[in-house]
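Novice: Supplied in structure tokens, the structure appears directly below.
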Amino acid sequence: MYIVINELEKDVLREIINISLARAADSFADFSRKAVLLAVPEVKIIEPRVLPDVIDEFEDEYQIIRSEIEGELNGKTFLLFSEDQVEKLAEACLNNSSQINIKSKETLLLTISNIITQAIVDELHHLLQLKLQAGSPEALFENEQLPISYILEDLPAHQPFVIAIKTQFQKLVNPLELPLLIVFHANSVSKLLHILRQTNLYDFKLLQDKD
């Protein structure tokens, strides 16, 4: 099942995610004690049949954190980190460099995933009045080396939203780009689009009224 989403609807979805990440940035700043900017340069919505090709682009990623989204919409988020990104995030967010170890890095990644997923869930509730909750994040492949394509087994009957998130930490010279996969069941995507189409989508009244 593939659902067609037009460009205006993509714009609204992008704006919802941007608002979510603005709120997540505040939480990051509290957590890391450093200013953080988050933005979504693009929203790619892809067919499940081409997901393997998309996944292959991230074959070099070192760590994957998965969180569940449950309630009136059902899905998952996957946040992907390369080893270099993990090191830079640890330097930016963990204040005591002498305490940086494997456990503290994993805790950091779980915290980042939880902040982002919770912000998305909160904003979907705030804007669309959806009853949602974010599950506890978990690290995949923690004790074994498996190809990233293994996560495809976790995605039956889903309509993937592939969202590239750019995170910029004030302390870092170059911004970090963290791939985020938001994956919803097809019926959840249909429900989300139905709400957008019934809420004066085309003049962005939905977003203007909720700011």
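The values are calculated or read from the model by the stated rules, or taken from the named source; none is laboratory data. Every value quoted in this text rests on a predicted model; they were computed, and no experiment measured them. Every residue, glycine as well, gets a Cβ built from its backbone with ideal geometry; the counts of neighbours run over all protein chains shown.
Novice: What number of residues within the range 155-203 are modelled with pLDDT under 65 and touching a Lys or Arg at 6+ places or on another chain (Cβ under 7 Å)?
Specialist: Here the count works out to 3.
Novice: To continue, here is another question. Please verify whether Leu37 is closer than 21 Å to Ile163 by Cα, surrounded by 14 or more Cβ atoms within 10 Å (Cβ to Cβ) and modelled with pLDDT under 90, treating the condition exactly as stated.
Specialist: For Leu37, the condition - closer than 21 Å to Ile163 by Cα, surrounded by 14 or more Cβ atoms within 10 Å (Cβ to Cβ) and modelled with pLDDT under 90 - is met.
Novice: Now for a separate question. When the range 6-29 is examined, which residues are found to be buried (at least 18 other Cβ atoms within 10 Å of the Cβ) and either hydroxyl-bearing (Ser, Thr, Tyr) or touching a Ser or Thr at 6+ places or on another chain (Cβ under 7 Å) (or both)?
Specialist: Scanning the range 6-29 gives a single hit, Ser20.
Novice: Quick check on my filter: what residues within the range 57-68 are among the charged types (D, E, K, R) and at pLDDT below 70?
Specialist: Answer for the range 57-68, where residues must be among the charged types (D, E, K, R) and at pLDDT below 70: Glu59, Asp60, Glu61.
Novice: How many residues does the range 98-138 hold that are part of a helix (DSSP H, G or I) and not aliphatic (A, V, I, L, M)?
Specialist: So the count comes out to 16.
Novice: Can I ask one more? Among the residues of the range 180-192, which ones are crowded, with 19+ Cβ neighbours inside 10 Å and more than 30 Å from Gln85 (Cα to Cα)?
Specialist: Ser188, Val189, Leu192, listed by residue number.
Novice: When the residues of the range 90-104 are narrowed to those that are among the small types (Gly, Ala, Ser) and modelled with pLDDT under 75, which ends up surrounded by the fewest Cβ atoms within 10 Å (Cβ to Cβ)?
Specialist: Ser98
Novice: Exactly one of (1) under 19 Å from Pro179 (Cα atoms); (2) at pLDDT below 80; (3) not polar (S, T, N, Q) is unmet by Ala29. Its number?
Specialist: Against the list (1) under 19 Å from Pro179 (Cα atoms); (2) at pLDDT below 80; (3) not polar (S, T, N, Q), Ala29 comes up short only on (1).
Novice: Here is a further query. Which pairs turn up if I take residues in the range 157-180 that are on the phi > 0 side of the Ramachandran plot and look for partners that are part of a strand (DSSP E or B) and at pLDDT 70 or above with beta carbon separation below 9 Å, at least 6 apart in sequence or on another chain?
Specialist: As it stands, the answer is Ala157/His185, since those pairs meet every condition given.
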